[in-house]
Amino acid sequence: RHAFTKPLPRPTTYHSLSPCLSITMSGFLYRRSSSESGSSSAEPELAPENEADFQHLLNPATHVELSARSVMFPPHEGKVFFDQTNRQLIIVNNQEITRRPYDRRKTRHVSLSPIPIILHEGKGKRLGGSDVRRSTEAIYMEKSLFTDYRDIYSVLFSPDQRWAVLQFSSEQLCFAHLRSQQVLFRMPKRKGTSILGFFFTYEGTFVMATSTGLEMYSFEQGKEMKLLKEYHNLQVQWYKYSHRDRLLLLACGSQASQIYSYHFEAKHTISRLPKFGIDVPSSQPRLEPRQVVVCNVYRKLFCAYIPVRHRQVSFYQFHRDSVAIAFSITLHFDGDVAISVLDNVVVVHSLDSKLVLLYDIEEEDFSFPVVAPLPLASFHSNRKGESLELYADHWEFLAPRYILDRRVGYFWELQLNLLSLSVSFTDKLQLFKFLVRRTNSKAVLLRSLCELVQDGGHLSVLAPIFDLLTEILADQSNARAEPITPFLKPRPRSTPQSPVSSRASSVAANQLDRSGGVVAASRVNAKGGSSIVTRSTHSSPEPSKRAISPEHFGMGHADSVSDFSYMGLREERSNANLLVITQCDTYQHVFLPLEQSEASLSYKYIVAVILEYIRSLSFHRIVPQHWIHELLIDYLVRNGRFYQLHQLLQYHVVTDSVPVACQLLSLERDYPPAFQLALDMLKRLFSPAQIVEVLLTRGDLTAALRVAQHHDLKLDTGSRRRVLTTALENTDRPSCFYSVYMFFYERGELDPQDPAMMAFTSPFRKQFLQRQQSAPGAAGE
């Protein structure tokens, strides 16, 4: 596998890496930064105001890291529980419960107000409102139940945060309302049953996992707690619950190898899935909870089984009517492991080697990691300012991507370092296949594509990458309610066209200026010649040209990335949950930066890359946007390749559009045939108003009026005034004004009896009469 046999490429635009150490692990070679063998950077502030404050610490020699946003709590001062329903930590100490929610969108995780546990004498007695206000959240408990925080087995809160559920014994639960002082007690329905755990599946639905099965209750405000469903007659050893997937696993049997699974599809609804067995070695007393992990990968539910010191992890997939092994992952090393799932990537932690291996099950061959294994990165420090011990024995891996360290007092979330991953891939096509499946990967993908082109990547490498991106774009466009581009009504006289050029004509026709104006060319010719076009009426948005910020790549220094902006990039996903890269993204973040690298790249290579992208768009029946063609024309004109431009236009490689036609008009001074090419393009676009405007601008009145007459095109008052004024000033041909005036008069556009037309026609009528008298051979009005 290339990830193990080839060394990692050393990036030149990243932070300077310290010398690498070659470390052999079970016969495989990988590279590890020497800085990882020592202490990592210590950061006293654990919750920065801006995540970019940590970006300069990102290590390109790591693929997975502990998030800079963490929850910190005082260790050894109480019991700590993780409430996965509300994604919060619950810290219980003497007569006080503190909640610390975790939200990845917030840079600071501030704990909520502590909830005091107020003790009182006697069952059913409540503390008076004079001591504690009714609006204050508190838990009222009998002294006979609570003497010390060590008496509490477990705590969680309801989804609305109004009820606290406490377990003081293995046979009883206490439900305490935080404001009304109401206290309820609940025991399992079957006597002699122990409570293994409890949780809320939905608002108003409570489930209790017991040693004999499970019980589901309806628990709503103002209503009595009602038993909805129960499953008993099981010998339950332990349970696993995933709130994200609403999946409950009950391990039964003497070895806990028989797994009963239940899926909570909706409120007050439960479905029993088929049971399945896990082959546990006879030498092992029983299956431990840490050996089973519930995984949701690419919208598929799996149960991962981790054997003790075995080189293979089996994944059981859940179906409606069966549960079977879907695949297995070979680890290539011995020792204890833990599994996390990050953005549909299976992350295997080698606890002995302290390495991280990444597996993508969408790869054709996922028997090997997608990249070489590297250590975990952390930028946190302990209370003494020392570097954290990674993969300590007291770390708890919580599904799907959390780590709890009770001894040090931290709660982290794991995250992928996509920038480092983009460097570790040697197969570029596999890199882009990996990135389109990840979330928040648009900036890294565009940056990688831009660098690949700027480094002179071969067209045989770029072609499949362009096909991959355009195929996703085509699928997303076809999945919408409207077609890829709006279509025109049938034209009176149509000519055979290819599907691509036909769509381009429809797009351009919808961009025409309905008032008769010409769309301005967005660029000028190479010698600075001015365009004859007067005003702009673009209907499609132009790509912006802003400067790139390095924070979007996970790096903090401006010299580590290109200097154009990915600020404000919004990701669009296809129905298959793949990243969609639009033509605007490719133009703005890949093609435009090539102008800065033009000195080092041959213009022939740049033209070939743009043509390859246009080919890929046309192959997937996507109309290339006009700005891509304008950029292509710019490079050809700038290097004097007019013959090649003529060929591309003649064989319709450059799609017809009004902006492209206007750009050709601006090139007439450098390449005279461009004018006729522009007129031919406007004619194919069925744009008589645009043609008339161009001819009038050139002063060719006769040709302009012939086009208007042929298409029965009515000119507005401003256009008629301009035509008559131009004809009047034509001293070389005295009969020109006479012919133009008679043209409008015979069409009924200069009615002298119309009061509204008198002010307009009076001066021209006088000139006409004067010239008629000076020309006795002319017919009278």
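The values are calculated or read from the model by the stated rules, or taken from the named source; none is laboratory data. Quick caveat: nothing in here was measured; it's all calculated off a predicted structure. Don't worry about glycine lacking a Cβ; one is built from the backbone with ideal geometry, like all the others, and counts go over all protein chains shown. The area values use the complete protein model at the heavy-atom level, side chains included, leaving out ligands, DNA and RNA. Shrake-Rupley method; radii C 1.70, N 1.55, O 1.52, S 1.80 Å.
Assorted remarks:
- Candidates Tyr651, Tyr671 - the one that is without any contact (Cβ under 8 Å) to a residue 60 or more places away in the chain, aromatic (Phe, Trp, Tyr), under 20 Å from Leu611 (Cα atoms) and open to solvent by 10 Å² or more (accessible area, probe 1.4 Å): Tyr651
- Failed condition for His310, given (1) part of a loop (DSSP other than H, G, I, E, B); (2) of a type outside the set (Lys, Arg); (3) at pLDDT 90 or above; (4) under 21 Å from Leu357 (Cα atoms): (3)
- Residues within the range 163-210 that are touching a residue at least 60 places away in the same chain (Cβ under 8 Å) and assigned to a loop (DSSP other than H, G, I, E, B), tallied: 3
- Qualifying residue in the range 384-391 (condition: touching a residue at least 60 places away in the same chain (Cβ under 8 Å), surrounded by 18 or more Cβ atoms within 10 Å (Cβ to Cβ) and under 30 Å from His76 (Cβ atoms)): yes
- Here Phe315, Phe327 are screened, and the one residue that is over 24 Å from Gln84 (Cβ atoms) and among the aromatic types (Phe, Trp, Tyr) is Phe327.
- Boolean, Gln454 is farther than 30 Å from Leu66 by Cβ, modelled with pLDDT under 90, open to solvent by 10 Å² or more (accessible area, probe 1.4 Å) and of a type in the set (S, T, N, Q): no
- Among all positions in the range 321-329, there is at least one residue which is closer than 21 Å to Leu398 by Cβ and either open to solvent by less than 50 Å² (accessible area, probe 1.4 Å) or in a loop (DSSP other than H, G, I, E, B) (or both).
- Count of the range 185-210 residues, restricted to those that are under 14 Å from Glu171 (Cα atoms) and open to solvent by 30 Å² or more (accessible area, probe 1.4 Å), is 9.
- Looking only at residues in the range 682-701 that are within 41 Å of the chain's Cα centre (by Cα) and in contact (Cβ under 8 Å) with a residue 60 or more places away in the chain, the one that is most open to solvent (accessible area, probe 1.4 Å) is Phe686.
- Of the residues making up the range 274-292, those that are under 16 Å from Tyr241 (Cβ atoms) and open to solvent by 20 Å² or more (accessible area, probe 1.4 Å) are Pro289, Arg290.
- Residue among Ser180, Ser158, Ser154 that is open to solvent by 20 Å² or more (accessible area, probe 1.4 Å), at pLDDT 90 or above, within 23 Å of Asn94 (Cα to Cα) and of a type in the set (Gly, Ala, Ser): Ser154
- Residues of the range 211-227 satisfying the condition of being open to solvent by 70 Å² or more (accessible area, probe 1.4 Å) and either under 12 Å from Arg186 (Cβ atoms) or not in a loop (DSSP other than H, G, I, E, B) (or both): Glu224, Lys226
- Residue list for the range 239-273, filter: open to solvent by 20 Å² or more (accessible area, probe 1.4 Å), of a type outside the set (D, E, K, R) and in a strand (DSSP E or B): Tyr239, Tyr241, Gln258, Tyr260, His263, Ala266, Thr269, Ile270, Ser271
- Within the range 616-640, tally of residues that are out of contact with any helix residue (DSSP H, G or I) (no Cβ under 8 Å at 6 or more places or on another chain) and either in a helix (DSSP H, G or I) or open to solvent by less than 10 Å² (accessible area, probe 1.4 Å) (or both): 1
- Scanning the range 457-467 for residues that are open to solvent by 30 Å² or more (accessible area, probe 1.4 Å) and within 17 Å of Phe425 (Cα to Cα) gives His458, Val461, Pro464.
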